[in-house]
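Novice: My questions all concern the structure below.
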Amino acid sequence: MNPPKRLRPTGDEEETPTSGKEEGGAVDVSIVMPMYNASCWLDECLQAILHQDYTGTMELSVFDDASTDDSRTVVEGWKERLEERGVSVVISGHNSSQPRGVGYAKNKAVSQSCGQYLCFQDADDVMLPQRVGLQHDASVLHPHSLIGCQVQRVPEGSTERYTRWINMISQDQLLTQVYTSHGPTVVMPTWFCSRNWYLKVGPFDEGGMGVPEDLIFFYQSLRQGGGMARVDQCLLVYRYHEKATTHSVTEETIWNLRVDFLQERVLSQWESFTIWNAGKQGRKLYRSLSPTNQKKVKAFCDVDENKIQKGFYTYEDSEQRPKPKVPVLHYKDASAPFIICVKLDMTGGVLEENLNSLQLKEGTDYYHFN
């Protein structure tokens, strides 16, 4: 089921965008930047836009989501320098008492822009000089795809496993690992796409704080038959800090979206399957499934002899009588297909070695969920 797109009416406090370009003139690339209390990062962010080596036409479209610091003043101070470089600047915002959320601000920044291609830029990140040029070239080749890139995470080591995953998963895994807890395999701060594709998939959900608008859009793009591609070069400095809006989204919200998408895209195609992990995460997945998909679980599998010796997992909360009892097997005695509920890159390579020993194909014989 497709999630609803929640759009807010434009309030009286909305501003008409101010622009340094003539009306009606399309540009090649619009850099789309929602902004909320980003003053301390903006100089570095805007300096990097100024130094792009892209030779086509560009604009910067900023929507200020009721900042209470001097973010707006900082951007206005860069307008002349950017326009001298040939980057037209469009700025608007609102001054209500509360921000309306990232999805709302992104939609507004897109709607006031005119580029054939959209380069999404977080105000706290820094693009490297080749970003727009290389991602534009990739987007021309893949007009129905979200284009990403490799990143440098700062502070260094702040999310080591996540950063390694962003940069190292293969092109095939960009499609097969969309159900993991890491979220979109092409991460939002690196997104670049054609305007036509955004219009086909979007707009972003405008539910506000606590809504993972990027994950919802990402899943919708896949539903529409969209692809993904990554420029295998570091083109963005991706900043980690406690004020980032992603921290407002609960794990349970993400979990429910992931389970629903897994059931829709994978489990609906399978007659039966095995959950790899008889522990907490595997049992939680089982309990989260629809009754139809619970009946498809033929076994749990594990490497823990204590779990295996118990023989069965009994679903105590089930209303069925007798209560469902699911066998617990050693992974070598279990059969594909599998949903893997063990975290990647956390077992010193043991999980990966066990999977390889069974000669299984990711995306056919198994999918990672954790």
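Novice: Could you provide, to the nearest whole Å², the per residue accessible area of the chain with probe 1.4 Å?
Specialist: Per residue, the chain has 46 Å² of solvent-accessible surface.
Novice: Per-residue ellipticity at 222 nm for the chain, helices alone: DSSP H runs ≥ 4 residues times -39500 (n - 2.57), over residue total, nearest 500 deg cm²/dmol?
Specialist: Result for the chain, helices only: -9500 deg cm²/dmol.
Novice: Could you tell me whether the range 64-109 comes out rounded, prolate or oblate from its Cα gyration tensor? Rule is a ≥ b ≥ c as square roots of the eigenvalues, rounded for a/c under 1.5, then prolate if a/b exceeds b/c, otherwise oblate.
Specialist: Since a/c reaches 1.5 but b/c is at least a/b, the shape of the range 64-109 is classed as oblate.
Novice: Now for a different question. Quick one: the Cα spread of the range 60-141 along its three principal axes, in angstroms, biggest first?
Specialist: Extents along the principal axes, in whole Å: 43, 27, 22.
Novice: Starting from the amide H of Tyr117, placed 1.01 Å from N in the peptide plane, find each other amide H under 5 Å away whose residue is 5 or more places distant or on another chain.
Specialist: Distant-sequence amide H within range of Tyr117: Val29, Ser30, Arg195.
Novice: Ignoring any ligand, DNA or RNA, what whole percent of the accessible area of the chain comes from carbon and sulfur when the probe is 1.4 angstrom?
Specialist: Ligands and nucleic acids excluded, carbon and sulfur give 48 percent.
Novice: Rg to Rh for the chain: what is it, with Cα atoms only and Rh by Kirkwood?
Specialist: Ratio of gyration radius to Kirkwood radius for the chain: 1.03.
Novice: Still on this structure: Assuming 0.36 nm per residue, please report the length gained on full extension of the stretch Lys298 to Gln224 beyond their Cα-Cα distance.
Specialist: 23.5 nm
Novice: So, one more: How many nm separate the modelled label positions at Thr18 and Lys280, each set 7 Å beyond the Cα in the direction of the Cβ?
Specialist: 5.2
Novice: Which one, Leu42, Ser30, Ser97, is farthest towards the positive end of the dipole of the range 23-111 when Lys and Arg carry +1 and Asp and Glu -1 on their Cβ?
Specialist: Ser97
Novice: Hey, what's the Cα Rg ratio for the range 163-232 versus the globular rule of thumb, 2.2 N^0.38 Å?
Specialist: 1.09
Novice: Which one, Val249, Thr185, Ser170, projects farthest toward the positive side of the charge dipole computed for the range 151-250 from Cβ point charges (K/R +1, D/E -1)?
Specialist: Result: Ser170, furthest along the dipole toward the positive end.
Novice: List the lysines whose alpha-carbon lies under 18 Å from that of Lys295, not counting same-chain residues fewer than 8 positions away?
Specialist: Lys284, Lys323, Lys325
Novice: First check a/c for the range 167-306, with a ≥ b ≥ c the square roots of the eigenvalues of its C-alpha gyration tensor; if it is under 1.5, answer rounded, and if not, answer prolate when a/b is larger than b/c or oblate otherwise.
Specialist: prolate
Novice: Got a sec to turn the phi values of the range 49-64 into Karplus ³J(HN,Hα) couplings, 6.51 cos²θ - 1.76 cosθ + 1.60 with θ = phi - 60°, whole Hz, x for Gly and Pro?
Specialist: 3J(HN,Hα) across the range 49-64, in whole Hz: 5, 4, 9, 5, 8, 5, 9, x, 8, 9, 9, 10, 10, 10, 10, 8.
Novice: Could you tell me the extents of the range 267-370's C-alpha atoms along the three principal axes, largest first, rounded to whole Å?
Specialist: 40, 32, 21
Novice: Moving on to the next point. Could you work out the relative contact order of the chain, using alpha carbon pairs under 8 angstrom and six or more residues apart, expressed as a whole percent?
Specialist: 16
The values are calculated or read from the model by the stated rules, or taken from the named source; none is laboratory data. As the structure is a prediction and not an experimental result, all values here were calculated from the model. Glycine also receives a Cβ, built like all others from the backbone with ideal geometry; neighbour counts cover every protein chain displayed. Note: accessible area is taken over every heavy atom of the protein model, side chains too, but ligands, DNA and RNA are not part of it. Shrake-Rupley method; radii C 1.70, N 1.55, O 1.52, S 1.80 Å.
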